[in-house]
Amino acid sequence: MENATINLLNLDRASLEKLFVDMGEHRFRAEQAMKWIYGDFELDFNQFNNFSKVLRNRLSETCMTALPELLNESKSSDGTIKWLLKVDDINAVETVFIPEKNRGTLCVSSQVGCTLNCTFCATGAQGFNRHLTTAEIIAQVWVAAKQLGHHKNNRVITNVVMMGMGEPLANYENVLPALNIMRDDLGFGFANRRVTVSTAGLVPKIVQLNQDADVALAISLHAPFDDLRNKLVPVNKKYNIETLLSACKDFIKNKRKARITIEYTLIDGVNDQPEHARALCLLLADLPSKINLIPFNPFPGSLFKQSKPDAIEQFKAICMKNGFITTVRKTRGDDIAAACGQLAGEFMDRTRRSSQVNKLQLELV
Ligand code: SF4
């Protein structure tokens with residue numbers, strides 16, 4: 001293993017096939033390797049008993065199957081589970097499993113920290129260290145599946161959402177192969193519509209994703225007006241609401257029954273008034289979409305407060321009256337800080353972003 005350089009978990013099926021063909025092997029070795037890694041959770045080449053000893057030795061010399069180290073598993077009283085995975089000596093990321101009556105959703109991280117600096121988000125407040133590799137992204141699914149006893153005849157995880165730490169489309173190169181492995185029958189075999197990429201609105205990458213992967217899309221909108229969204233989701237200054245929603249329309253054009261999920265964090269007195277709800281409905285009038293309202297989850301140092309229950313109900317009622325399927329996300333995993341917008345992982349804060357976030361919040365409260 002000393003000179004091993006290629007982590008097989010970084011490779012989707014097409015890249016694995018190329019690897020084996022380049023080694024002078026048949027491409028079906030890729031299928032066999034995927035069955036071992038994702039079907040049987042077997043990472044030791046010596047156990048790949050349908051590979052010759054010679055091939056197993058060659059793989060051991062040039063390749064590896066490395067996973068992040070599982071540092072901690074916390075279980076909430078409501079059944080939510082959070083795993084902390086050490087990806088290198090100074091960085092760890094979080095992955096969350098949320099069990100519900102008819103589904104089990106795994107929330108996966110794509111970066112250590114995030115560059116986008118959304119004012120209401122604990123991850124954004126902590127700065128950015130680095131992108132995760134494909135292996136580090138798919139390993140989150142691998143570890144969760146293994147810990148939960150998930151396999152093809154016991155599908156504990158039904159949905160994967162790229163809504164953990166980081167902006168997935170800012171790490172497109174590594175996220176795309178991970179999306180491929182999640183949806184590959186020899187990977188985790190999730191249906192396209194059960195794998196969701198959530199973005200704050202990197203428009204050129206939404207266009208690219210539309211060409212490269214048939215997955216579901218969620219947009220972190222959080223405000224119906226550009227001036228407010230510029231403050232809550234600063235990337236809006238680059239790609240405004242009109243440009244973003246136009247990319248969304250293109251994304252679902254020609255896709256039967258497809259809808260975009262609109263994520264909207266409700267912050268007390270900031271974006272939760274009836275005029276915001278009415279403006280949101282107008283904006284979305286010609287975009288097949290459903291609205292997911294997320295009561296703001298406070299994090300240490302944040303000046304924002306969660307919207308009052310009446311304001312949340314009123315906001316929801318306006319959206320529903322306008323014909324939108326509207327859900328209010330229940331706060332899950334509160335006792336283990338696993339709720340949306342609370343994931344922080346553990347890493348060195350190189351940018352001292354928190355003070356910037358506080359300044360932006362002060363302008364709004
Ligand atoms: S909400 Fe998403 S895009 Fe915005 S800072 Fe947090 S992780 Fe990044």
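The values are calculated or read from the model by the stated rules, or taken from the named source; none is laboratory data. In this text the structure is predicted, and so the values were computed from the model without any measurement. FYI the Cβ positions are ideal-geometry reconstructions off the backbone, even for glycines, and counts take in every protein chain you see. The protein model used for the area step is the full one, side chains on, heavy atoms only, and it has no ligands, DNA or RNA in it. Shrake-Rupley method; radii C 1.70, N 1.55, O 1.52, S 1.80 Å.
Overview of values
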{"read-out": "From Leu217, Leu221, Leu228, Leu232, residue being among the hydrophobic types (A, V, I, L, M, F, W, C), closer than 15 Å to Cys281 by Cα and touching a helix residue (DSSP H, G or I) at 6+ places or on another chain (Cβ under 9 Å)", "value": "Leu221"}
{"read-out": "Cross-chain or 6+ apart pairs with Cβ under 7 Å, region 147-175 first and without any contact (Cβ under 8 Å) to a residue 12 or more places away in the chain, then charged (D, E, K, R)", "value": "none"}
{"read-out": "Flag for Pro204 being over 15 Å from the mean Cα position of the chain (by Cα) and either without any contact (Cβ under 8 Å) to a residue 40 or more places away in the chain or open to solvent by 20 Å² or more (accessible area, probe 1.4 Å) (or both)", "value": "yes"}
{"read-out": "Strands (runs of 3 or more DSSP E) contained in region 21-116 and holding at least 3 residues within 16 Å of the ligand (Cβ to nearest atom)", "value": "92-99, 111-113"}
{"read-out": "In region 227-247, residue nearest to Glu167 (Cα to Cα) [restricted to those that are touching a residue at least 24 places away in the same chain (Cβ under 8 Å) and hydroxyl-bearing (Ser, Thr, Tyr)]", "value": "Tyr239"}
{"read-out": "Hey, Arg58 among the basic types (Lys, Arg), touching a residue at least 24 places away in the same chain (Cβ under 8 Å), farther than 30 Å from Asp334 by Cβ and open to solvent by 70 Å² or more (accessible area, probe 1.4 Å) or not", "value": "yes"}
{"read-out": "Only one of Phe45, Phe41 that is within 24 Å of Leu85 (Cα to Cα), aromatic (Phe, Trp, Tyr), outside the structural domain of Val141 (by TED's automatic domain parsing) and loosely packed, with under 14 Cβ neighbours inside 10 Å", "value": "Phe41"}
{"read-out": "Within region 153-165, tally of residues that are modelled with pLDDT under 95 and in contact with a helix residue (DSSP H, G or I) (Cβ under 7 Å, 6 or more places away or on another chain)", "value": "1"}
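One line per residue, one yes/no per condition, for (1) surrounded by fewer than 19 Cβ atoms within 10 Å (Cβ to Cβ); (2) over 16 Å from the mean Cα position of the chain (by Cα); (3) more than 16 Å from the ligand (Cβ to nearest atom):
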| site | (1), (2), (3) |
| --- | --- |
| Val143 | no, no, yes |
| Met162 | no, no, no |
| Glu167 | no, no, no |
| Glu173 | yes, no, yes |
| Gly189 | yes, yes, yes |
| Val215 | no, no, yes |
| Ala223 | no, yes, no |
